[in-house]
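So the structure is just underneath, and the comments pick up after that.
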Amino acid sequence: MAVRLAFILIRAQGGLESEILDQLKTFKQITQSYMIYGEWDIIAIAEYEKLPELNTLVLQIRGIPGVQQTSTLVVS
């Protein structure tokens, strides 16, 4: 099956961005993650094969302490 990409935008509790970035490094599906400025605080790039795999990943990210909100953009 082909590998697909998704961009996951993360809004973080102030001051916890670095800790969240460290946690994102532990997920094998996350290939890159960056602190950004603007409406969102972090962007993570994920690779997945099937949508349920991406859904599970997003739920795990939402469980990281300090993550307040996520928005997932699936590359078509």
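Do any residues in region 6-28 that are closer than 13 Å to THR70 by Cα and at pLDDT 95 or above have Cβ atoms under 8 Å from those of residues that are in a loop (DSSP other than H, G, I, E, B) and small (Gly, Ala, Ser), where the two are at least six apart or on different chains, and which pairs are they?
So the pair list comes out as ALA12/GLY66; GLN13/GLY66; ILE20/GLY66.
Output the residue which, of all residues in region 28-76 that are surrounded by fewer than 12 Cβ atoms within 10 Å (Cβ to Cβ) and among the small types (Gly, Ala, Ser), is farthest from LEU16 (Cα to Cα).
SER76
For every residue, the table says whether it meets (1) of a type outside the set (S, T, N, Q); (2) within 20 Å of SER76 (Cβ to Cβ); (3) under 12 Å from the mean Cα position of the chain (by Cα).
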{"position": "GLY14", "(1), (2), (3)": "yes, no, no"}
{"position": "GLN23", "(1), (2), (3)": "no, no, yes"}
{"position": "TYR37", "(1), (2), (3)": "yes, no, no"}
{"position": "GLU47", "(1), (2), (3)": "yes, yes, yes"}
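Applying the selection to region 30-76, what residues are part of a strand (DSSP E or B) and either small (Gly, Ala, Ser) or at pLDDT below 95 (or both)? Working first, answer last.
The initial filter retains those residues of region 30-76 that are part of a strand (DSSP E or B), namely 30-35, 42-48, 67-74.
Within region 30-76, SER33, ALA44, ALA46, SER71 meet the criteria.
The values are calculated or read from the model by the stated rules, or taken from the named source; none is laboratory data. Predicted model, so just to flag it, every value in this text is computed and none were measured. We place every Cβ from the backbone using ideal geometry, glycine too, and count neighbours over all the protein chains shown.
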